[in-house]
1. Which ones in segment 21-36 are part of a helix (DSSP H, G or I) and touching a residue at least 40 places away in the same chain (Cβ under 8 Å)?
2. As an exercise: evaluate LEU82 against (1) under 19 Å from the mean Cα position of the chain (by Cα); (2) in a loop (DSSP other than H, G, I, E, B); (3) not β-branched (Val, Ile, Thr) and give the number of the one condition it does not meet.
3. Scan segment 111-134 for residues that are assigned to a helix (DSSP H, G or I) and either hydroxyl-bearing (Ser, Thr, Tyr) or modelled with pLDDT under 90 (or both) and jot them down.
4. Within segment 97-109, take every residue that is over 32 Å from the mean Cα position of the chain (by Cα) and assigned to a helix (DSSP H, G or I) and give me the one that is surrounded by the most Cβ atoms within 10 Å (Cβ to Cβ).
5. So ALA141 clears everything in (1) exposed (fewer than 13 other Cβ atoms within 10 Å of the Cβ); (2) closer than 19 Å to ALA38 by Cβ; (3) of a type outside the set (Val, Ile, Thr) except one condition, right? Which one?
6. Tell me the residue from THR61, THR65, THR39 that is of a type in the set (Ser, Thr, Tyr), closer than 18 Å to SER177 by Cα, in a helix (DSSP H, G or I) and in contact with a helix residue (DSSP H, G or I) (Cβ under 8 Å, 6 or more places away or on another chain), please.
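The values are calculated or read from the model by the stated rules, or taken from the named source; none is laboratory data. Please read these numbers as outputs of a predicted model, since none were measured by experiment. Glycine also receives a Cβ, built like all others from the backbone with ideal geometry; neighbour counts cover every protein chain displayed.
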Amino acid sequence: MTTALYRGMEWTMRFAYVQLLWIIFTIAGLGIFGVFPATVCMYTVMRKWLRGESEAPILETFKKTWRSEWKKANLIGLFFLLAGFVLYFYLRFAISLEGIAGMALYLFLAMALFIYGITFLFVFPAYVHFQSGVRRAVKLALIFALSYPFHSVSMFAAVAGFYFLAGVLPALMPFLSFSLLGFSIMGTANLAFIRAMEKADIA
């Protein structure tokens, strides 16, 4: 019992530390230019944990990843921000239309927005796991989002759980929320990556 309690406290502190670093590195990039590289740093640490490297130096991993991946992480993030803005703009336009054409356009854009959402959840884990370029990361994210619907739904469930936790226990938000959400998403994506590699779906 004592050992289990100690391990639980140890991992709680690790998640809290990762979240603190995620916040610091996000602020260091002035928010918009920091959140995506900080997220890549966080996923890099968590990928190490999932691979059994629980003693990997967290701060050093953050600093090394930040320096090497800042540009690519922002390219991915800004691409998805722009794509999301365009989809939202046309979705609002479709809502204003009347008739069958308007309804058809709305349904098409709603589906596109859904695919966009699950692709976005996959893109940074795919980028970290496969250590790929920007284009390949987006391509792989789309493939996994469409090929592994159970994992995609599980990611959405994790996001829903995040918002539920934010409403029920808002005091935890500054300490554990984003790191726990990130670990859930990275862990789910990692399961999909393992299945794909086992089936030789991804070269």
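1. Filtering segment 21-36 down to residues part of a helix (DSSP H, G or I) leaves 21-28, 35-36.
The answer is LEU21, TRP22, ILE23, PHE25, VAL35, PHE36.
2. That leaves (2) as the condition not met.
3. Taking segment 111-134 and keeping what is assigned to a helix (DSSP H, G or I), we get 111-130, 134.
Passing the criteria: TYR116, THR119, TYR127.
4. Applying the first criterion (over 32 Å from the mean Cα position of the chain (by Cα)) to segment 97-109 yields 97-102.
Within this subset, residues satisfying the condition of being assigned to a helix (DSSP H, G or I) are 99-102.
Numbers: GLY99: 7, ILE100: 8, ALA101: 10, GLY102: 14.
Result: GLY102.
5. (1)
6. Numbers: THR61 fails: closer than 18 Å to SER177 by Cα; THR65 fails: closer than 18 Å to SER177 by Cα.
Of THR61, THR65, THR39, the one residue that is of a type in the set (Ser, Thr, Tyr), closer than 18 Å to SER177 by Cα, in a helix (DSSP H, G or I) and in contact with a helix residue (DSSP H, G or I) (Cβ under 8 Å, 6 or more places away or on another chain) is THR39.
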